[in-house]
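Peer 1: To start, I am sharing the structure in question, which I have written as structure tokens.
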Amino acid sequence: MIDETLEKMLGATIKDVVYSYIRHQYNLNVETCYKNLEEFVNALREVIGESASIMIENVVVKKLCTSLGLKDANENSSLIDLIEKLKISKYEDSARIEKEV
């Protein structure tokens, strides 16, 4: 979801440039961003700015909530907070979360 949201909001070329920069500067990649989500989000904030990153996170959170059938109240969470809530609650389909993000 992060990948498709970045592409939709920034375009494919800019998305690829952002990924390349994050991969080289922070040694992170999109394929494993779920495992290092906080680091990935922080790197994204540094690269594209906090406001743009928050907008992207909000779209991802809404898509994730819709996809997982979660209540609208979760849509006000940051991406990191939502994932943490789901981990704490031991969301029954945790493997699906990783695939969705």
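Peer 1: Which pairs do you get when a residue that is within 21 Å of Val59 (Cα to Cα), found in the stretch 1-30, comes within reach of a residue that is of a type in the set (Val, Ile, Thr) and surrounded by fewer than 16 Cβ atoms within 10 Å (Cβ to Cβ), reach meaning Cβ atoms under 9 angstrom, with the pair 6+ apart or on two chains?
Peer 2: Leu6/Ile14; Glu7/Ile14; Leu10/Val17
Peer 1: Collect the residues in the stretch 26-82 that are in contact with a Leu (Cβ under 8 Å, 6 or more places away or on another chain) and of a type in the set (D, E, K, R), keeping them in residue-number order.
Peer 2: Answer for the stretch 26-82, where residues must be in contact with a Leu (Cβ under 8 Å, 6 or more places away or on another chain) and of a type in the set (D, E, K, R): Glu39, Glu57.
Peer 1: Enumerate the helices (runs of 4 or more DSSP H) found wholly within the stretch 15-96, keeping only those where 2 or more residues are surrounded by fewer than 17 Cβ atoms within 10 Å (Cβ to Cβ) and either among the hydroxyl-bearing types (Ser, Thr, Tyr) or at pLDDT below 80 (or both).
Peer 2: Here the list reads 50-68, 79-88.
The values are calculated or read from the model by the stated rules, or taken from the named source; none is laboratory data. Remember, it's a predicted structure, so these values are computed and weren't measured experimentally. Cβ: placed from backbone, ideal geometry, glycine included. Neighbour counts: every protein chain shown.
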